[in-house]
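Read the figures in this text as sums done on the coordinates, not as results from a lab. Values in this document were obtained by computation on a predicted structure and should not be read as measured data. FYI the Cβ positions are ideal-geometry reconstructions off the backbone, even for glycines, and counts take in every protein chain you see.
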Amino acid sequence: MVVERVRCIVGDRAIGKSDRFTNLHNVWWTGTAYKAIIAHATQWIPLQSTVVTGLPLHTFFAPEARAIVHDIVKSGMKAKTVLVSPQGIGAYYSDPTIQHPTNKVAIVDVGTWTTELIGMAGNDFLAHVSAGLVLGVSDIFATVAQELKEKLGRTVDPYEVERAARGEGDIRAQGRAYPHTAIDERIAQLAKERASQILTKMTDLWGPHGADFETILFCGGGAQLLFPYLKTYREGVVLLKDAQFANARGFLQIADNLYGTEARDATAHPTSNQAPTMDQSSDDSRPIAV
């Protein structure tokens, strides 16, 4: 697809490209790669949908960032309505049994680049006991990928490492698969170190055991990897089912709560609308891989 006259390769085809975009810099929402992902999503999301999306908490607190993301999503998806929410809050709404008007619930949303520590009481977001940390799992896979590059003599994409860790593929060199046990052991070592850093931040924010919260929930794409080490924080912590997609399920519920069943039906039953026609210029410059 072409975005801003730049040809982009998005999704599985981008894996392993030497120039794949991986730089999660502080203003990623202003870049072409983010707009390419938004354009890619229009293959499944019909025009004039209601869209709820999220931002890392430290970014959400910057009004200009929220406004930019709102405008990019609204224009890129030709959306009817766009709501930008803090990441982590979606997971709170992913399961109706979690919500209680008098209970306080904490959410630890471990993501690729950031970890969100969220406090909720009923429908109230508790900003004073919430924080956004630039501590995710991306550099765990990037570190292992760099180490494998030096051992195997070829470029290794961090996503190859992540897929291997999930048991979804091998990392090969000269036709042979690199041992999974060696990859798993190195990832586990780095994951334990990252979990220790997050536990320190949780203790600083909530105290040694988060006594003010009835429940502490873990979600996000990195939650399953770090949960064996994070669950030592206290008894009764919960890893949400299908934790990687808890935010998305919750965002759908937020849209339904705020905008009614029409929004839910539009998302659950996509029409045959295709993405808007993009600039198919004759620019033959090298595409970027996202």
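A search for C-beta distances below 6 Å between a residue of region 192-203 that is in contact (Cβ under 8 Å) with a residue 12 or more places away in the chain and any residue that is among the β-branched types (Val, Ile, Thr), counting only pairs 6+ apart in sequence or on different chains, returns ILE198/THR115. Looking across VAL105, VAL110, one residue alone is in contact (Cβ under 8 Å) with a residue 12 or more places away in the chain, over 30 Å from HIS180 (Cβ atoms) and either of a type in the set (Ser, Thr, Tyr) or surrounded by 17 or more Cβ atoms within 10 Å (Cβ to Cβ) (or both). It is VAL105. Can you pull out the residues in region 124-134 that are buried (at least 19 other Cβ atoms within 10 Å of the Cβ) and assigned to a loop (DSSP other than H, G, I, E, B)? Listed by number, the list holds a single entry, SER130. A single member of PHE218, PHE227, PHE245 is touching a strand residue (DSSP E or B) at 6+ places or on another chain (Cβ under 8 Å), aromatic (Phe, Trp, Tyr) and part of a helix (DSSP H, G or I), and it is PHE227. Number of residues in region 175-204 that are farther than 15 Å from GLU160 by Cα, exposed (fewer than 13 other Cβ atoms within 10 Å of the Cβ) and of a type in the set (Gly, Ala, Ser) equals 1.
Being in contact with a Leu (Cβ under 6 Å, 6 or more places away or on another chain), among the small types (Gly, Ala, Ser) and assigned to a helix (DSSP H, G or I) narrows it down to one of ALA188, ALA182, ALA164, ALA195, so name that one.
Numbers: ALA188 fails: in contact with a Leu (Cβ under 6 Å, 6 or more places away or on another chain); ALA182 fails: in contact with a Leu (Cβ under 6 Å, 6 or more places away or on another chain); ALA164 fails: in contact with a Leu (Cβ under 6 Å, 6 or more places away or on another chain).
Answer to the check: ALA195.
Summed over region 58-91, residues that are in contact with a Leu (Cβ under 7 Å, 6 or more places away or on another chain) and in a helix (DSSP H, G or I) total 4. For VAL237, state whether it is free of Cβ contacts under 8 Å to residues at least 40 places away in the same chain, more than 19 Å from MET120 (Cα to Cα), in contact with a helix residue (DSSP H, G or I) (Cβ under 6 Å, 6 or more places away or on another chain) and not basic (Lys, Arg). No; evaluated as a whole, the condition is false for this residue.
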